[in-house]
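The values are calculated or read from the model by the stated rules, or taken from the named source; none is laboratory data. The model shown is predicted, which means the values in this text are computed figures rather than measured ones. As a convention, Cβ positions derive from the backbone with ideal geometry for all residues, glycine included, and neighbour counts pool all protein chains shown. These area figures cover heavy atoms from the full protein model, side chains too; ligands, DNA and RNA do not enter into them. Shrake-Rupley method; radii C 1.70, N 1.55, O 1.52, S 1.80 Å.
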Amino acid sequence: MSNEEIGKSRRKFIKKAATVGSLLVTTSLFTPFNAVVYAVERPKDPSKTWWGYGIDIEKCIGCGRCANACKTENNIPKQPFYFRTWVEQYTIKNDGTVKVESPNGGIDGFVQSVPPEDIFKAFFVPKLCNHCYKSPCVQACPVGATYETPDGVVMVDETYCIGCRYCVQACPYGCRYINPAKNVADKCTLCYHRISKGKTTACVEVCPTHARILGNLNDPKSPLVKFMKEHTCLVLKPHLNTGSKCFYNALSGEVR
Amino acid sequence: MPPQLKRLIPLFAIFIFLFLAARSFLVPKSFGEQGHYRFNSIAENKEKAMIYAGKEACDDCHSDRIQEMETDLHKGISCETCHGPGSAHIANPDSIKPMIPKGRDFCGMCHSLNPSRSKLVHQVDLKEHNVTENCIECHNPHLPCQMKK
């Protein structure tokens, strides 16, 4: 090839490369790729439901009826390490150390092992899936077996789950486990079979002091929105930006 | 057209066809309808049976008991908190009876003295409060402030 010809084909190549490159950039503007591509959004239409949950730590008496009812309602193995919801007893001692206990998730009740004179502060913290709307667990699933419903509940498709345990690792709140019978991931469904029929969840049903509140965040008249207006509510691990929809009143900084 | 392309194009076409065919068999129905998941799974999750019936359901037959309880401090508590799940009992009220809680430990789950427990609930030391008898010998479980003796 002569020098002139080489120059021509180089120009051609650069032209083609530039077209392809600019096409790529413009198409990526139309469908921006980001990590929360699987996240659902809070519906703008106020008549649509957007489920959330409230927990009043001041009212929790640690009876563990919620954890017990959850296991019965959802047919969860009785061994003491499979829970969709459980209660933790936090004891902050005078010397600043924190003791966290949850014998059998609280189902058999609690005893305080620390002598009263050493206790600075003690309280119960019920835990359950936070039904995040930017859920780390949903993003981690390699097959699309876990998802967020349009009304904001995180659920597992147990016929599609391959039991790879990525989501169990991904959940910063420890709210998932592998169901030993089916060998698939399992978690709180916010009693979807109940709430979609107008009933409340099993844990809210049996709570004797109304420390647990289920509600529609999109409805200004729902009990949850009222609870959040009346109290200063926080979510767990806000720095992780998971979009948690589980709001705690009187949450101490020690709670993890 | 160069000869190598002539052979490769049909080959690629067959590959792509096979891939699409396999994909249409492997991807379940309703996958991707609303997002990267099987949309029918929502309906399947909805179908599960309810084990706890809810306090309103007891009202059909035990309304007198519910009204009675409204007058005392256990009013906020659902029947099923103490009696366990009730759906099976409602379906067959005569053959299936709900659990009847027994023993001091049962009341103690809510009432035993514990510094972590919210002061909203009155607490007694189970080792001191009338140790010899069962709680329901004295307290009516439905009307706790009313004494049987």
Checklist entry - Just for region A:149-158: of the residues that are open to solvent by 10 Å² or more (accessible area, probe 1.4 Å) and more than 7 Å from chain B (Cβ to nearest Cβ), which one is farthest from the chain's Cα centre (by Cα)? => result A:Glu158
Checklist entry - Any residue at all in region B:42-62 that is out of contact with any helix residue (DSSP H, G or I) (no Cβ under 7 Å at 6 or more places or on another chain), farther than 21 Å from A:Asn74 by Cα and either among the hydroxyl-bearing types (Ser, Thr, Tyr) or within 9 Å of another protein chain (Cβ to nearest Cβ) (or both)? => result no
Checklist outcome for this item: Within region A:118-142, residues more than 9 Å from every other protein chain (Cβ to nearest Cβ) and either among the hydrophobic types (A, V, I, L, M, F, W, C) or without any contact (Cβ under 8 Å) to a residue 12 or more places away in the chain (or both) come out as A:Phe120, A:Val125, A:Leu128, A:Cys129, A:Cys132, A:Cys137, A:Ala140
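To keep it simple, each residue is scored yes or no on (1) open to solvent by 10 Å² or more (accessible area, probe 1.4 Å); (2) part of a loop (DSSP other than H, G, I, E, B); (3) not charged (D, E, K, R).
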position	(1), (2), (3)
A:Lys182	yes, yes, no
A:Ala185	no, no, yes
A:Cys188	yes, yes, yes
A:His193	no, no, yes
A:Glu205	yes, no, no
A:Leu214	yes, no, yes
A:Pro220	yes, yes, yes
A:Leu236	no, yes, yes
A:Ser252	yes, yes, yes
Next on the checklist: Can you tell me which condition A:Ala145 does not meet? The list is (1) open to solvent by 10 Å² or more (accessible area, probe 1.4 Å); (2) within 12 Å of chain B (Cβ to nearest Cβ); (3) of a type in the set (A, V, I, L, M, F, W, C); (4) within 23 Å of A:Trp50 (Cα to Cα), and all the others hold.
Outcome noted: (1)
Next on the checklist: Step by step: first the residues of region B:115-131, then only those that are within 27 Å of the chain's Cα centre (by Cα) and among the aliphatic types (A, V, I, L, M), then the one that is modelled with the lowest pLDDT. Which residue is that?
Outcome noted: B:Leu120
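Do we have A:Ser135 as hydroxyl-bearing (Ser, Thr, Tyr) and within 27 Å of B:Leu126 (Cα to Cα) here? Don't jump to the end; show me each part of the working.
Working: hydroxyl-bearing (Ser, Thr, Tyr): yes; within 27 Å of B:Leu126 (Cα to Cα): no.
When the stated conditions are applied, A:Ser135 does not pass them.
Can you tell me which residue among B:Ala57, B:Ala88 is assigned to a helix (DSSP H, G or I), of a type in the set (Gly, Ala, Ser) and farther than 18 Å from A:Cys207 by Cα? Write out each step before concluding.
Numbers: B:Ala57 fails: farther than 18 Å from A:Cys207 by Cα.
Unique residue meeting the criteria: B:Ala88.
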Checklist entry - Which condition number does B:Met147 fail, the rest of (1) surrounded by fewer than 16 Cβ atoms within 10 Å (Cβ to Cβ); (2) under 23 Å from A:Ala69 (Cβ atoms); (3) among the aliphatic types (A, V, I, L, M) being met? => result (2)
Next on the checklist: Which pairs turn up if I take residues in region A:1-13 that are β-branched (Val, Ile, Thr) and look for partners that are not in a helix (DSSP H, G or I) with beta carbon separation below 7 Å, at least 6 apart in sequence or on another chain?
Outcome noted: none
Item to check | Contacts under 7 angstrom Cβ, first residue in region B:12-34 being assigned by TED's automatic domain parsing to the domain that holds B:Glu44, partner surrounded by 11 or more Cβ atoms within 10 Å (Cβ to Cβ) and assigned to a helix (DSSP H, G or I), 6 or more apart | outcome: none
Checklist entry - How do the pairs read when you match residues in region A:152-179 that are over 14 Å from A:Gln139 (Cβ atoms) and among the polar types (S, T, N, Q) with residues anywhere that are assigned to a strand (DSSP E or B) and modelled with pLDDT of 95 or more, using Cβ under 8 Å and keeping only pairs 6 or more apart or on different chains? => result A:Asn179/A:Ala185; A:Asn179/A:Asp186
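Does any residue of region B:60-81 turn out to be under 17 Å from the mean Cα position of the chain (by Cα) and assigned to a loop (DSSP other than H, G, I, E, B)? I'd like the intermediate steps shown before the answer.
Step one: filter region B:60-81 for residues under 17 Å from the mean Cα position of the chain (by Cα), giving B:77-81.
Imposing the further condition that a residue be assigned to a loop (DSSP other than H, G, I, E, B) reduces the set to B:77-78.
Yes, region B:60-81 has at least one match.
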Item to check | Single residue of region A:18-53 satisfying the filter (aromatic (Phe, Trp, Tyr) and loosely packed, with under 14 Cβ neighbours inside 10 Å) that is modelled with the lowest pLDDT | outcome: A:Phe33
Next on the checklist: Quick check on this structure: which one of B:Phe39, B:Phe12, B:Phe31 is out of contact with any helix residue (DSSP H, G or I) (no Cβ under 8 Å at 6 or more places or on another chain) and open to solvent by 100 Å² or more (accessible area, probe 1.4 Å)?
Outcome noted: B:Phe12
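Inside region A:57-75, can you point out the residues that are under 18 Å from B:Ala88 (Cβ atoms) and open to solvent by less than 20 Å² (accessible area, probe 1.4 Å)?
Let us first name the residues in region A:57-75 that are under 18 Å from B:Ala88 (Cβ atoms), namely A:68-75.
Within region A:57-75, A:Ala69, A:Cys70, A:Lys71, A:Glu73 qualify.
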Checklist outcome for this item: Note on region B:106-132: residues facing another protein chain (nearest Cβ under 9 Å), farther than 16 Å from A:Glu58 by Cα and outside any helix (DSSP H, G or I) are B:Ser112, B:Leu113
